[in-house]
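This report refers to the structure that appears directly beneath it.
Just so you know, all these numbers are worked out from the coordinates, no wet-lab data involved. Quantities reported herein were computed from a predicted structural model and do not represent experimental measurements. Neighbour counts run over all protein chains shown; Cβ positions are idealised from the backbone, glycine included.
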Amino acid sequence: MSLVFSTRRGRSALGKGDVSARVAEPRGVADVLPPRSLEDIQAFATAEKAARDKLALSDALQNQTLAERRAGQIGTTVVDPIETPPDPRLIATFGHDSCLKHRVIPWRATSGRVTVIAASRERFLRVRDALTVLFGPVYLAIVPADVLDSTLSRMCHKTLMKNAELRTPAHESCRDWDSGKAGRWGAAIILALIACFIVWPQTSFLILCGWAVLTLVLNTILKAVSAIFHLFPRPQAPVAANPQLAVLPIVTILVPLFRERDIAGALVRRLSRIDYPVDRLDVCLVLEADDGTTQHALTDATLPSWIRAIKVPLGTLQTKPRALNYALNFAKGSIVGVYDAEDAPAPDQIRKVVHRFAQRSREVACLQGRLDFYNARSNWLARCFTAEYATWFRIILPGLERLGLAIPLGGTTLFFRRDVLEELGGWDAHNVTEDADLGIRLTRHGYRTEIIDTVTQEEANARAWPWVKQRSRWLKGYAITYGVHMRNPVKLWRDLGPWRFFGVQLLFAGTISQFILAPLLWSFWLMVFGVPHPLDGVMTQPAALTLASVFLLSEVIGISVAALAVTATGKPELIKWTPTLHFYFPLAALAAYKGVFELATRPFYWDKTAHGIFAETEEAEGEAATLPPRPLLHPVAGE
């Protein structure tokens, strides 16, 4: 039996407050029957409005009832900070950052004592001593959690906006990137190269080709070594069960959305398959304040009680990491994950993440899941993209982990220990590859990332120009990230050590230069067809044969590793397409030039990737049918 659900807005509706929650309940008969006449349409609209009003009232009553129950258990009262706002002077004394961190607000001073509001007694007890030192006698009053969020967003607005954009320390952020200076340096380098090619054409060409070949060889070695690790995995030592799992932690999932007209309904459906107790799961759909498209789409979608919307106010820039930083203030969980709008995570993914964190020390601060595509057969570009992703997430990243190198994170299926994430300053709001940057910062601060054996399906960007735009953003972000961390190479060396320092050079400088200098390597095809080449008369026959062997071996290893990777993903039928990757990667060279140009023109511009374009061609939803009944509540609930 299937139920049809409708949505409604709670007390802090999307159109009114920064934070809102919605609860889904079964529709009535009038919602299900299709209208056939004008009278039917009017009756349908009236019934729909009545149902929404009823659900909105139901939500407010539920939250209010829960607050009253908590207050009754500890012998206190419930107050309404919306009707009677807190005293700003008390908040300033305690500190806006402290209010946001501990989720408590000094409300009013009466009769020689200060009333402090919180959603639970536990939150209050953690800071009671500090509050007593500041204010003297303090008294706890309970408020519903959604009301507390709305109050925090209103009373701490300036601090929230500042933290969203400036949370990352300045010396680890790219926010002071000078595009004018970058443009001047870029122009100077280009003019210097032109001058060198005019004065010493063959020598200059030889040096650049030598660097391109060196990075090609090193990347090929990395692929080969990672493939060997994949074929001969290291046995995992057994880990004793952790007693902390007697109480499952709350896990917050942040899902940034922007102009997602067609994805909202499918997203909610996919997230609803997550097999984790709903009272331990906190899914936050992070919306931009001016994004009416997504807000309207979510109005028509079904949002369960454990999914809520957080609206990010407008600021000086509009990027995914800024939205994540803002939403982090309202997260309930001790573990924070990130999904993209089009993601379809494995149902047991959250349980695997929770168990892995419980088994590892605090040093393991991040878990990176594997990504795959549910539209791998949409077209040729999707097939090649799938092979590339399979190579990266199935072969290269596990290889980097085993080699002990820093791991540049992917933008989704990431899970962090919240306290570590906050310690590091969250995401750099100005970096368009905030994920890769955060991976390096984690390593520099002594933390580790592990690759976890769980898969999230997402939509391959399988249109040529949108693919180029997306890849140009990634490569631009790689260049900015490399520039930020190489501001002080000596300190980077000390933070990472020689081996990991070398890994950063290979992953960032090597990747960028590979794509930028790719046309120089392609030029050697001219020799095959008898066309004059700049190195004619300089390159001996043994050198030419050696270079040809290097190119051939690199192609063979690349194709073999890609074939191994797609086999590991359960898509062996894509093996026949792996040789065509030779014609796929030139698109990345075009993207690299676009990205480099934007370093001097629009360094913080976020080239949005559209989702919901391609239909699923894989069985991304099949495993959900075999799941046992989903638990609604964990035996031990509460914060």
Revision key, fill the gap. For 489-496, 373-380, 526-533, ranked highest to lowest by mean beta-carbon neighbours within 10 Å, the order is 373-380, 489-496, 526-533
**Study point:** Separation in nanometres of the label points that stand 7 Å from Cα toward Cβ, at Thr77 and Cys196
**Key:** 7.6 nm
**Study point:** Over the range 73-167, relative contact order from alpha-carbon pairs under 8 Å, at least 6 apart, %
**Key:** 31 percent
Exercise for review: May I ask for the net charge around Ile452, where only other residues with Cβ less than 12 Å from the Cβ of Ile452 are counted and Lys, Arg are +1 while Asp, Glu are -1?
Suggested key: +1
Review point. Each residue of the range 407-416 in turn: what ³J(HN,Hα) in whole Hz from Karplus with 6.51, -1.76, 1.60 and θ = phi - 60°, glycine and Pro shown as x?
Key: 10, x, 6, x, x, 8, 6, 10, 9, 10
Review point. Can you give the convex hull volume per residue for the Cα atoms of the range 268-329, as a whole number of Å³?
Key: 95 Å³
Review point. What are the extents of the Cα atoms of the range 73-167 along their three principal axes, listed from largest to smallest and rounded to whole Å?
Key: 40, 27, 23
Exercise for review: Output ³J(HN,Hα) for the range 454-465: one whole-Hz value per residue in order, computed from phi by the Karplus curve 6.51 cos²θ - 1.76 cosθ + 1.60 with θ = phi - 60°, and x for Gly and Pro.
Suggested key: 8, 10, 10, 8, 9, 8, 5, 7, 10, 10, 4, 5
Review point. Lys469: which lysines have alpha carbons under 18 Å from its alpha carbon, excluding same-chain residues fewer than 8 sequence positions away?
Key: Lys320, Lys594, Lys608
Point to revise | Interchain or long-range residues, amide H under 5 Å from Leu140's placed H | key: Val116
Practice item. Return the FRET efficiency for the residue pair Gln505, Val528: r is the Cβ-Cβ distance, R0 is 30 Å, and the value is rounded to the nearest 0.05. Key: 0.40
Review point. The range 428-563: percent of C-alpha pairs farther apart than 25 Å?
Key: 49 percent
Check your understanding: Would you list Phe385, Phe232, Phe502 from fewest to most Cβ contacts within 10 Å?
Key -> Phe232, Phe502, Phe385
Study note, to complete from the structure: For the pair Asp453 and Asp176, the simple spin-label estimate (label points 7 Å beyond Cα toward Cβ) gives in nm 4.6 nm
Practice item. Over all directions, average the projected area of the Cα convex hull of the range 222-362 and note it in nm². Key: 11.4 nm²
Point to revise | HN-Hα J in Hz across the range 215-227 - Karplus 6.51, -1.76, 1.60, θ = phi - 60°, x for Gly and Pro | key: 5, 5, 5, 5, 5, 5, 4, 4, 4, 5, 5, 5, 5
Review point. Val312's amide H: which non-local residues (gap 5+, or another chain) put their own amide H closer than 5 Å, with H modeled 1.01 Å from N in plane and none for Pro or chain starts?
Key: Leu287, Glu288, Ala289
Check your understanding: Amide H of Phe373: which non-local residues (sequence gap of 5 or more, or other chain) have their own amide H closer than 5 Å, using H built in the peptide plane?
Key -> Glu458
Study note, to complete from the structure: Neighbour-count ranking for Val79, Val556 (other C-beta within 10 angstrom, fewest to most) reads Val556, Val79
